[in-house]
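Throughout, read-outs are computed from the coordinates displayed, never taken from laboratory work. Bear in mind that the values here come from a model prediction, so they are computed numbers and not experimental data. Note that each Cβ is placed from the backbone with ideal geometry, even for glycine, and that neighbours are counted across all protein chains shown.
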Amino acid sequence: MAAQSPLERVVLKATSVADDLGYVALSDLADVLGPSTYRIIGGHMVTALVARRQLRANLYRETGDTDLGVPPVVIREEGLIGRLIERGYKQVAGNRFARPIDDIPVTVRGIEGHPSAVVDVLIPSYRTRARNNHRVSDNLVTTEVPGLALALKRKPVLLHMRLHRLNGKQVDVDVAFPDEVAALSLTSILGPCSSSNPLEVQRGGKPKRRLLPPHQGMGMSSSGKPASMSTGV
C-alpha cells in the first residue's frame, strides 16, 4: 500500500480535562515563542505526529503536562521565564510552570480550585550524559534531554492545529514539533519494537512513553487513525 503524504493541518478534539489543559498550554507557548526557537516534545509530540501521519488510534497519548524544549540561550537572553509569567503562569517547581484555567465545564475530583495548564521547560544535552537539576539561569533549574539538540537543529514540523476545547471554544494555532527522525532520537533508553508494539522509551526516571514505530513514523501507511482526530481543517 502506498504511503500517505503527511498532513500540514490537523483537527483535535479534547476528550478529557488533560487534553483541554494541554491545548491551552500549546496555544500559550505558540503565542510567546517563535517556531524556530522551540520544539514541543513528550506526549503532545507523539499525538501530533500520529495525527500528521494518520496512524492508528492506540498510538494517541494523553498527557497532563506540556514539555517545552528550548536551547539555554532562549532562557537566558530572550526572557522566556518572564514571558510565561506575563502570560499568567507561576513557577511551582524548578522547571514547572502552571496557569489556573477557570473555563473548563467539568469538575475535577481531588483538585482544590481550578485545574492548571502545566509547562515543563527542558533543555538539550550537549554531552554524553544528560544532567538533572542543572541550573540554566537565576530563575530556572531544569533537566537536559538527550536528542533535543538534534531536534532543535533539524527543521521543525510546523503543524497547523485546530483544537476543540471541552467548553466548545475553538483554538487555531501553529505549533513547532520535532520531525519524525528527531522524535525517534529523543530517547535515552529504547525498548523492543514491532509493528504492533511501538517503541517504549524511558527518560529521566519517568514512566515509559510510546513513540512512533520507525516504519510508520517515516510515512508507511496503516489502517485507521487516532480517535477524536481529523485529517485536516
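Worth a mention:
- Between Thr37 and Lys169, the modelled label-to-label distance comes to 2.3 nm, taking each label 7 Å out from Cα in the direction of the beta carbon.
- Under the Debye formula (equal points on every Cα, no solvent term), log10 I(q)/I(0) of region 102-161 at q = 0.13, 0.16, 0.20, 0.25 Å⁻¹: -0.61, -0.77, -0.86, -1.00
- Listed by chain and number, the aspartates and glutamates placed with their C-alpha closer than 18 angstrom to that of Lys169 are Asp19, Asp20, Asp28, Asp31, Asp102, Asp103; residues fewer than eight positions away on the same chain are left out.
- Ratio of Rg to Rh for region 19-120: 0.98 [Cα atoms; Kirkwood radius as inverse mean 1/r over pairs].
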